[in-house]
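Contents: one structure, followed by commentary.
The values are calculated or read from the model by the stated rules, or taken from the named source; none is laboratory data. All values reported here derive from a predicted model rather than from experimental measurement. Here the Cβ positions follow ideal geometry from the backbone for every residue, glycine too, while neighbour counts run over all protein chains shown. Note: accessible area is taken over every heavy atom of the protein model, side chains too, but ligands, DNA and RNA are not part of it. Shrake-Rupley method; radii C 1.70, N 1.55, O 1.52, S 1.80 Å.
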Amino acid sequence: MNTTIGVIGLGLMGSAMARRLTEAGQSALGYNRSPRDIEGVEVTSSLAELAQRAEILWLMVSDFQACRDVIEQLGEAGIRDHVLINSSTISPEQSSELGRRIESFGGEYLESPVLGSIPQAQSGTLQLLLGGSEDLIARLDDTLKALGTPTHFGEIRSGAAAKLAYNQLIGSLTAAFSMSLGLVQREGVDVDKFMATLRESALYAPTFDKKLDNMVGHSFEKANFPLKHLLKDIRLFTQSACGCDIDTHLLIGLQHVLEEGVYAGHGNHDYSSLFESIVHEDTTRH
Ligand code: NAP
């Protein structure tokens, strides 16, 4: 398909995706609810104009409510004969509801949550977790590959389910590492030696090193993936897993520390700031 792609939602990820699509030679047009300029990308302040000029509408907004708002604003006039790709992280249930609404307006729906963050969006190396029809995916091949590596998981719901499963790992691994790092620091164990041994063991995950400097330096302001979105995703995972008879007691504590982080003002900070809710500043040192 050689068509115009309307990117809806020019936040942290949407702006990087719109820029990448343009750099990859795709025709991209951006729209954001509150006026926003993106260097190197044409932006319109009218959703109706975006729908008139673009055949593919690519959603990258905060959550399900935001997706719904956009779909209702576009209405049948903006959706009929369009393809809508959604990369916002929502639950399988929400995704299938979105798909039904889009189809009722005469549009086609592809679920494409993404694994990876701003650097991967900028370099076109996102993992696209697709749910939807094979025929549609084949037609969108060039567009999808401009942003990264597509994997077709199956019907609508399957991409959304895979995404929540990955994000549960982001939250749980980061929380588990925070607790261990906290104990090591408080007991005066050499962090470099602890990390060197960890890296050689089967317990190691690369995300530990990715977030180590943030945690040691208490530096979380530069966010690729904000804490508030991780909280949303852990809540969505919990709801979805409960519906599948999976015990989610372990996630109660994780939700609690994420909520504490949001209340403490870390909502727009990097998700690794959950370290601050786990390793309290005033803990008695040995
Ligand atoms: P973000 O920076 O917070 O941007 C959110 C975007 O949603 C903004 O453009 C915002 O517009 C728009 N929005 C919010 N409510 C809206 C509404 N009711 N109607 C229309 N637009 C609305 O978020 P992000 O980090 O780009 O993430 C976007 C989505 O991708 C989230 O679902 C997130 O979980 C997921 N995700 C993020 C990452 C990451 O690394 N950041 C990676 C993978 C997936 P305004 O500017 O007008 O508020």
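Here are a few things to note about the model shown:
- Consider segment 119-138 and keep the residues that are part of a helix (DSSP H, G or I) and surrounded by 17 or more Cβ atoms within 10 Å (Cβ to Cβ). The one that is farthest from the ligand (Cβ to nearest atom) is ILE137.
- Looking only at residues in segment 100-118 that are farther than 20 Å from ALA24 by Cβ and part of a strand (DSSP E or B), the one that is most open to solvent (accessible area, probe 1.4 Å) is GLU108.
- Note on segment 139-157: residues that are open to solvent by 30 Å² or more (accessible area, probe 1.4 Å) and in a helix (DSSP H, G or I) amount to 4.
- Of the residues SER87, SER46, SER27, the single one that is within 15 Å of the chain's Cα centre (by Cα) and either open to solvent by less than 70 Å² (accessible area, probe 1.4 Å) or not charged (D, E, K, R) (or both) is SER87.
- Sole exception among (1) in contact (Cβ under 8 Å) with a residue 24 or more places away in the chain; (2) surrounded by 20 or more Cβ atoms within 10 Å (Cβ to Cβ) for THR22, by number: (1)
- Qualifying residue in segment 18-38 (condition: part of a helix (DSSP H, G or I) and within 9 Å of the ligand (Cβ to nearest atom)): no
- Among helices (runs of 4 or more DSSP H) entirely within segment 173-286, having at least 1 residues that are within 16 Å of the ligand (Cβ to nearest atom), open to solvent by 60 Å² or more (accessible area, probe 1.4 Å) and not assigned by TED's automatic domain parsing to the domain that holds GLY11 singles out 206-217, 227-243.
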